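J.: Can you read through this structure? Questions will come right after.
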Amino acid sequence: MAWVSGGQACVARVPDYRPVCPRLGRAVDVAWNGGDAWAAVPGAGLAVTLDRAARSVPAGAVAALSGALIYRQDGSALNYEGAAAGQVAGGPSAAMTGGDGADYVVLAGQLRRGGAVVEPAAQAYLYATARGAATAAVPTAVGASGDLYRIQGGQLLRTDAAGGVLARTPHGPGRVGAVGQDIVTVSASGEIRRYTQALTPLIP
């Protein structure tokens, strides 16, 4: 998994989930492409890898990253080889390659897929779904079973699609993601926790 906290980009890989947080300058976003974790560092004008082989793409003022594209503040996009790859109507505040393989961006308060508005009033957190992407008011991820995992109200919740709570466990503020069959969270301080999909804690 990869994340940004306080401008610091980090990556932690299975099986040991040991965080690697290189000193790159202030990062604004991270994404996975071809097995590499990338960070957007607009102050340096680069998108750079976080571990493994060192790679960088001169990208200027980067706004957001998806699994396929590097989005710049002027609305232009590059692929991870540095080639021009289209345009959106301004610099997105978030981007993601959805479960359908298409790119989704949060732009001017809306979630968009290409030129189509998917959500007219996007919420704070963008996450991938099996059919695309969506936004939520709290950190959210979709597990392999299709259930939703949310960090809300001092708890990590497992809910069904209708919002019914199936399981819960205490958890402070942080982010949540699904990594294979594991549910993995990271706190603002960088503490990583692993859970089964039933929310039973796993020892790293």
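J.: Put +1 on the Cβ of each Lys and Arg and -1 on the Cβ of each Asp and Glu in the chain; which of Leu78, Ser93, Gln152 then has its Cα farthest toward the positive end of the dipole?
T.: The Cα lying farthest towards the positive end belongs to Gln152.
J.: May I ask you to derive the FRET efficiency for Ala61 and Cys21 from their Cβ-Cβ distance with R0 = 25 Å, giving the value to the nearest 0.05?
T.: 0.65
J.: May I ask you to give the solvent-accessible area per residue for the chain, in square angstrom, as obtained with a 1.4 angstrom probe?
T.: With the other protein chains kept in place, the chain gives 47 Å² per residue.
J.: Given a 1.4 angstrom probe, I'd like the percentage of the accessible area of the chain that is carbon and sulfur, rounded to a whole number.
T.: 53
J.: Next question, about the same structure. Once fully extended, how much extra length lies between Ala144 and Trp32, figured as 0.36 nm per residue of separation less the alpha-carbon to alpha-carbon distance? Mind dumping the intermediate values first?
T.: Details: separation 112, 0.36 × 112 = 40.32 nm, distance 1.85 nm.
Gain in length upon complete extension: 38.5 nm.
J.: Which number do you get for Rg(Cα) / (2.2 N^0.38 Å) in the stretch 1-97?
T.: 0.99
J.: Evaluate the chain: find the radius of gyration of its Cα atoms, find its Kirkwood radius, and give the ratio Rg to Rh.
T.: Result for the chain is an Rg/Rh of 0.96.
J.: Once you place label points 7 Å from the Cα toward the Cβ at Ala130 and Ala102, how far apart are they in nm?
T.: Those two pseudo-labels are separated by 1.8 nm.
J.: Now for a separate question. Mind checking the dipole of the stretch 138-203: about its Cα centre, +1 per Lys or Arg Cβ, -1 per Asp or Glu Cβ, Debye to the nearest 20?
T.: 100
J.: Let me know the charge dipole size of the stretch 90-204 about its Cα centre in debye, to the nearest 20, where only the beta-carbon of Lys, Arg (+1) and Asp, Glu (-1) is charged.
T.: Numbers: 9 positive and 7 negative charges, 27 e Å.
Dipole about the Cα centre, nearest 20: 120 debye.
J.: Only Lys, Arg, Asp and Glu count, each charged at its Cβ (+1, +1, -1, -1), so figure out the dipole size of the stretch 1-124 about its Cα centre, rounded to 20 debye. Mind dumping the intermediate values first?
T.: Working: 9 positive and 9 negative charges, 55 e Å.
So the dipole magnitude of the stretch 1-124 works out to roughly 260 debye.
J.: Distance in nm between label sites at Leu166 and Leu202, each 7 Å beyond Cα in the beta-carbon direction?
T.: 1.6
The values are calculated or read from the model by the stated rules, or taken from the named source; none is laboratory data. A quick note: this is a predicted structure, and the numbers were derived from the prediction, not measured. Backbone-built Cβ (ideal geometry, glycine too); neighbour counts: all protein chains shown. Side chains are part of the model used for accessible areas, which takes the heavy atoms of the whole protein and leaves out ligands, DNA and RNA. Shrake-Rupley method; radii C 1.70, N 1.55, O 1.52, S 1.80 Å.
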